[in-house]
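The block underneath contains the structure these notes are about, expressed in structure tokens.
What follows is calculated from the coordinates using simple rules that are stated; it is not laboratory data. Because the structure is predicted, anything quoted here is derived from the model rather than measured. Note that we place each Cβ from the backbone using ideal geometry, even for glycine, and neighbour counts take in every protein chain shown.
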């Protein structure tokens with residue numbers, strides 16, 4: 001009887017182990033399958049988690065199946081406090097790749113030395129894009145927009161020299177009229193050198209401003225190499241304040257991403273990144289898991 005009990009215990013433990021291994025293999029398989037889609041994440045989405053445990057956070061993203069990353073932690077030649085080589089190795093060891101980085105050029109301007117440092121650091125990291133992510137409230141005037149765009153064109157030229165495409169990420173305020181002028185259409189698009197600056201269209205903010213992404217692609221073909229996938233719970237009248245309460249995981253809201261993607265060739269789209277400004281309302285990893293699952297099973301899957 002004792003031998004039989006021991007046998008049953010060993011058998012049960014072995015079965016449990018096989019089940020656990022099977023679950024792990026299954027999860028790894030899902031992650032590998034998802035990575036084939038090349039879906040990216042803007043790391044601003046998990047900014048608190050990155051600050052608390054960078055390596056652990058990146059491991060979770062890789063295990064989910066994210067393939068590409070867009071950073072939000074550049075400063076003085078380093079990325080989240082790491083050198084370009086160090087950070088590149090961390091990401092590469094996890095089976096991911098850094099494609100893009102949000103790195104702001106302040107409204108007061110940028111020296112060419114600073115721009116060169118930013119370009120060289122990003123070149124060492126191996127990114128394809130470096131993106132201006134924001135304009136401060138006090139700088140949202142016609143005159144300051146024009147000055148900043150002039151600076152961005154200069155930075156774009158320096159980036160181009162090291163093989164990087166500079167870009168601009170919108171919110172909704174660029175679509176608010178100033179004395180009858182719509183900055184996005186009347187200043188940004190005509191004054192940005194299209195060869196030096198591509199647009200990273202944030203589909204949430206454009207939608208909140210009452211814009212039709214497909215109409216934008218048709219008007220400016222080839223100028224939207226990057227898209228931010230961010231969903232919204234409700235359709236509202238257009239507004240231009242940066243209010244984030246309505247953000248939700250991709251595929252859980254009302255934006256028709258699948259329809260928008262029918263025009264990706266016209267847009268010139270090359271990469272997409274999930275973003276959630278609200279960090280999943282306290283559950284960032286659950287939120288980005290939901291977004292990735294919906295994108296790979298419902299939106300990109302034909």
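Quick one: angle between helix 84-93 and the longest Cα principal axis of the chain, in degrees between 0 and 90, rounded to 10, please. Helix 84-93 sits at roughly 40 degrees to that axis. FRET efficiency for the residue 117 to residue 93 pair, using the beta carbon distance and R₀ = 30 Å, is estimated at 0.70.
Our estimate of slack between residue 259 and residue 242, defined as 0.36 nm per intervening residue step minus the Cα-Cα distance, is 3.6 nm. Dimensions of the chain from C-alpha coordinates, computed as largest minus smallest value along each principal axis and given longest first, are 90, 43, 32 Å. A compact globular protein would have a Cα radius of gyration near 2.2 N^0.38 Å; the ratio found for the stretch 154-287 is 1.07.
Take the alpha-carbon centre of the stretch 120-147, take the same for the stretch 44-87, and report the distance between them in whole Å. The distance from the Cα centre of the stretch 120-147 to that of the stretch 44-87 comes to 20 Å. Percent of Cα-Cα pairs per 10 Å bin, from 0 to the last occupied bin, for the stretch 86-189, please list those. Binned Cα distances yield the sequence 14, 42, 28, 13, 3, 0. Only DSSP H runs of four or more residues enter the estimate; each adds -39500 (n - 2.57), and after division by the residues of the chain the mean residue ellipticity at 222 nm equals -13000 deg cm²/dmol.
The long axis of helix 284-294 is offset from the longest Cα principal axis of the chain by roughly 90 degrees. Among 272, 196, 55, the largest mean-square fluctuation in a Gaussian network model of the chain, built with springs joining Cα atoms closer than 10 Å, belongs to 55.
Mind checking which of 179, 218, 153 has the largest fluctuation in a GNM of the chain, springs on alpha carbons under 10 Å? Looking only at 179, 218, 153, the largest GNM fluctuation is found for 179. For the chain, the longest principal axis of the Cα atoms and the long axis of helix 54-64 meet at an angle of about 70 degrees.
Here is the size of the stretch 211-299 from its Cα atoms: Rg then Dmax, 13.4, 38 Å.
Residues of the stretch 264-302 falling in the label zone of residue 104, defined by backbone nitrogen less than 17 Å from a point 7 Å along Cα to beta-carbon, are 277-278.
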